[in-house]
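What follows is a short report on a single structure.
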Amino acid sequence: MILFYTRKDFSDRRGWKTRRWEHAFAEKDMIGIFAPSVYERLTSYKFVRYESTIVHETCHVYYMNIVHNFTPKWLAEGLATNLEQYDYGWRGKPRVDHLYFMKIPFGEDELEFYRSGYLITHMLIRKLGMKRLMSLIREYARKPVKTNYERLFDKFVYAKNTD
Ligand SMILES: [Zn+2]
């Protein structure tokens, strides 16, 4: 994990002029985030969000290590948004997911993307359980991108659960 103490260092690392809502990121084997001491001052988030952000970004590292890329993007993002909620709740407050999304300072398209990714992944977790969803992801990882994942999802969603 790399901690950042200035917006400039964070932007230099990302390679563009980042905005205040950009507060953390995942790379192949590590995450980057603003240091606790400067987090609220240099980002648009409250510190209560800090630990759940680390969970979220770590989930991306984990996903990248299994699938070796970030596809399907809605699932990679949906898994991270669901897992950050499990342990910490949205911004430390469980069960207010819609409010959480309304406060994400993204554009409409990004907001819609995060919400739909969250919801469909949430339903998959409810339907399959986390263990079988991880089996599905591992099966997808054998032929990522080229896989007809709609068919793969059907196979899991409509299969009898034999676990
Ligand atoms: Zn994410």
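For this structure, a couple of remarks:
- The residue that is farthest from the ligand (Cβ to nearest atom), among those in the range 19-63 that are among the small types (Gly, Ala, Ser) and open to solvent by less than 70 Å² (accessible area, probe 1.4 Å), is Ala35.
- Filter result for Tyr5 (away from the ligand (no atom under 13 Å from the Cβ), over 22 Å from Gly107 (Cβ atoms) and touching a His at 6+ places or on another chain (Cβ under 9 Å)): no
- Lone qualifier among Lys73, Lys8 - being within 12 Å of the chain's Cα centre (by Cα) and basic (Lys, Arg): Lys73
- Hey, Arg126 part of a helix (DSSP H, G or I), out of contact with any Cys (no Cβ under 7 Å at 6 or more places or on another chain) and over 21 Å from Asn69 (Cβ atoms) or not: yes
- Per the conditions (1) modelled with pLDDT of 90 or more; (2) more than 19 Å from His23 (Cβ to Cβ), the sole criterion not satisfied by Ala80 is (2).
- Matching residues, the range 1-13, being open to solvent by 70 Å² or more (accessible area, probe 1.4 Å) and farther than 23 Å from Leu79 by Cα: Tyr5, Lys8, Asp9, Asp12, Arg13
The values are calculated or read from the model by the stated rules, or taken from the named source; none is laboratory data. Just so we're clear, the structure is a prediction, and the values are computed from it rather than from any experiment. Neighbour counts run over all protein chains shown; Cβ positions are idealised from the backbone, glycine included. Please note that ligands, DNA and RNA were not included when accessible areas were found on the heavy atoms of the full protein model with its side chains. Shrake-Rupley method; radii C 1.70, N 1.55, O 1.52, S 1.80 Å.
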